[in-house]
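Below is one structure, written out as structure tokens, with a few remarks after it.
Coordinate-derived values only; no laboratory data. Fair warning: this is a prediction, and the values are worked out from it, not measured in the lab. No Cβ is skipped: glycine too gets one built from the backbone with ideal geometry, and neighbour counts run over all protein chains shown.
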């Protein structure tokens, strides 16, 4: 069956997350988005783990649903760990996502990690533990677990990060690299950028939201055609099987907070070519620029832009539906008018992903204003204007040029 999955999220027990990020709200928003399988996030946090055990019940192998509910949303046990440690004379800061097939296995992992650091302090615990040693602990708990380096290009906390990462998977995980079957591309990169590294040819590229609130789940996701169970999904990832792992759903990478180089305090945003002219130094304050994802990809790539390796899993770039409606109406994405149009579309067409991916222009125009329908189709076709993000500042994606929305409305009136 077709399954849309978002594995990497956070609970209300992680820093800088919405207090609304509980299981009931996650279940509700997964239905609205059209997500079938959602990561629990944060299973190492004692209070969240207790909630998970109290409120979820097993259904299919390795998957869970809300108790006393007829919801068809399934949860999969996941957590992100922040590994901060010294290796080869440098401080490394790597985030890794763990998948567990059961509460029993998750409990084993929690026990081991609880001896190393304080799991109560944050839903995403910070541990002074080498990533390789984390992988060993997880696989000792069960060889059915999966460890995935998170948002691998983010400058500050990732496998290939310009500030605290490595230049290869082998440098990080050494002889345990053979157990890394997938990496997470993150919001600031897409598969096409990762295809430029031949070292990733046999590694699956997955995409997840890393959401800190229920409304943000599904901004990136994975689409499978498998049995609805943990083991079938994990095998599709491990085998990088294009018959079962169909495609990923992507943020436009330029919208990510670290796509370009830059210096937020000085308002400086640079392409890799511009940074090179400045010797990676901010022209305003003279301090080093934060080197972004695009530049770091250029540094490690051994292939030209546009190269696509054989057997690669395809992807589709989308814009969240509320953002499209907001731009079409010229309003903020959290306004009542935007909510009304959003809920109307969901009521008519079942889910946000169905609207964004499948509903025809003709059907859309029977329900919403022509400029909203046009915005959805343009986002689907990649006809957008882009201002890249840099140094923690989100990029801006525009669908319309000035005056276009008024012209569309006028045309509709004429007809």
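Ordered by packing density, taken as the mean number of other Cβ atoms within 10 Å over each peptide's residues, highest first, how do 88-99, 144-155 rank?
Result, highest mean first: 144-155, 88-99.
Taking other Cβ within 10 Å of each residue's Cβ, how do 48, 156 sort, fewest first?
156, 48
Residue 266 to residue 20: FRET efficiency via 1/(1 + (r/R0)^6), r the Cβ-Cβ distance, R0 41 Å, to the nearest 0.05?
According to the calculation, E is roughly 0.70.
Taking only DSSP H segments of four or more residues, each worth -39500 (n - 2.57), what value at 222 nm results for the chain once the sum is divided by all its residues, to the nearest 500 deg cm²/dmol?
That comes out to -9000 deg cm²/dmol.
Where a ≥ b ≥ c are the square roots of the eigenvalues of the C-alpha gyration tensor, would you call region 264-356 rounded, which needs a/c under 1.5, or, failing that, prolate if a/b is larger than b/c, or oblate?
oblate
Just to verify a number: FRET efficiency for residue 354 and residue 303, C-beta to C-beta distance, R0 = 35 Å, to 0.05?
It comes to 0.50.
Report the residue, chosen from 27, 229, 363, that carries the largest GNM mean-square fluctuation when the chain is represented by alpha-carbon nodes joined by springs under 10 Å.
363
Using a Förster distance of 45 Å, how high is the FRET efficiency between residue 367 and residue 273, based on the Cβ-Cβ distance and rounded to 0.05?
0.50
Can you give the three extents of the C-alpha atoms in the chain along their principal axes, from longest to shortest, in whole Å?
69, 61, 41
Compute a Gaussian network model of the chain, connecting alpha carbons closer than 10 Å, and tell me which residue from 106, 16, 204 fluctuates the most.
16
Modelled label-to-label distance, residue 142 and residue 225, 7 Å Cα→beta-carbon offset: nm?
A separation of 2.8 nm, rounded to one decimal place.
Between residue 378 and residue 163, what is 0.36 nm times their sequence separation minus the Cα-Cα distance? Round to one decimal in nm.
73.8 nm is the gain from fully extending residue 378 to residue 163.
If you rank 193, 1 by fewest surrounding Cβ atoms within 10 Å, what's the result?
Listing 193, 1 from fewest to most nearby Cβ atoms yields 1, 193.
Which of the three applies to region 1-128, rounded, prolate or oblate, going by the alpha-carbon gyration tensor with a ≥ b ≥ c and a/c under 1.5 meaning rounded?
It is prolate, given that a/c is not under 1.5 and a/b is the larger ratio.
Using a 10 angstrom cutoff on alpha carbons, build the Gaussian network for the chain and name the most mobile of 186, 123, 286.
Of the options given, 286 has the highest mean-square fluctuation.
By count of other Cβ within 10 Å, fewest leading, how are 244, 361 ordered?
361, 244
Using a basic spin-label model with each label point 7 Å from the Cα along Cα→Cβ, how many nm lie between residue 404 and residue 202?
About 4.5 nm separates the two model spin labels.
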